[in-house]
Amino acid sequence: MKLLNPQKAILGDKLQRYSLNFQHSLGKHKALIFQKRLGIILANKKILEKALIQAIQNQEAIFYKQDSFGIHYDVKFYLETEWGSSWILSSWIIRYEENFPRLTNVYPVDK
């Protein structure tokens with residue numbers, strides 16, 4: 001299944017605050033992997049932002065869980081940049097009172 005209303009997706013500040021932030025105590029590990037595998041850092045985060053939106057428009061979403069906040073989904077996709085390539089796992093929530101996905105997590109994974 002495809003995520004509902006991908007054109008309305010909210011990325012929020014997850015990339016700059018966490019996933020690509022070398023200063024975050026946990027995010028710095030993801031930031032290092034993004035840099036090593038794909039050459040993606042905060043300065044060129046638009047590459048990842050564009051890939052995330054394309055992925056939720058084109059790839060199938062996998063139901064992950066349902067909790068008191070909403071329904072959570074994962075979308076896995078392959079990303080190639082001029083510096084490298086990697087599989088990416090992105091996690092999304094559609095809150096009960098909303099009809100669009102919000103990014104909750106993203107990181108490079110092995111196939």
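Rule-based calculations on the coordinates, nothing more; no lab input. Bear in mind that the values here come from a model prediction, so they are computed numbers and not experimental data. Neighbour counts run over all protein chains shown; Cβ positions are idealised from the backbone, glycine included.
So that you can scan it fast, the table gives a plain yes or no per residue for (1) out of contact with any Ser or Thr (no Cβ under 7 Å at 6 or more places or on another chain); (2) touching a residue at least 40 places away in the same chain (Cβ under 8 Å):
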{"residue": "20", "(1), (2)": "yes, no"}
{"residue": "26", "(1), (2)": "yes, no"}
{"residue": "40", "(1), (2)": "no, yes"}
{"residue": "61", "(1), (2)": "yes, yes"}
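Is it fair to say residue 31 is among the hydrophobic types (A, V, I, L, M, F, W, C), part of a helix (DSSP H, G or I) and within 14 Å of the chain's Cα centre (by Cα)? Before the answer, list the steps.
Working: among the hydrophobic types (A, V, I, L, M, F, W, C): yes; part of a helix (DSSP H, G or I): yes; within 14 Å of the chain's Cα centre (by Cα): yes.
Yes.
Tally the residues that are over 12 Å from residue 34 (Cα atoms), in contact with a helix residue (DSSP H, G or I) (Cβ under 6 Å, 6 or more places away or on another chain) and not aliphatic (A, V, I, L, M), restricting the search to the stretch 75-89.
Final tally of qualifying residues: 1.
Test residue 65 against the stated conditions and say whether it is touching a helix residue (DSSP H, G or I) at 6+ places or on another chain (Cβ under 9 Å), of a type in the set (D, E, K, R) and farther than 20 Å from residue 17 by Cβ.
Answer is no for this residue.
What residue, among those in the stretch 1-40 that are among the β-branched types (Val, Ile, Thr) and touching a strand residue (DSSP E or B) at 6+ places or on another chain (Cβ under 6 Å), is nearest to residue 61 (Cα to Cα)?
10
Test residue 55 against the criterion of being without any contact (Cβ under 8 Å) to a residue 60 or more places away in the chain, surrounded by fewer than 16 Cβ atoms within 10 Å (Cβ to Cβ) and part of a helix (DSSP H, G or I), and give yes or no.
No: the conditions fail for residue 55.
Which of the residues belonging to the stretch 70-111 are loosely packed, with under 14 Cβ neighbours inside 10 Å and outside any strand (DSSP E or B)?
82, 83, 96, 97, 99, 110, 111
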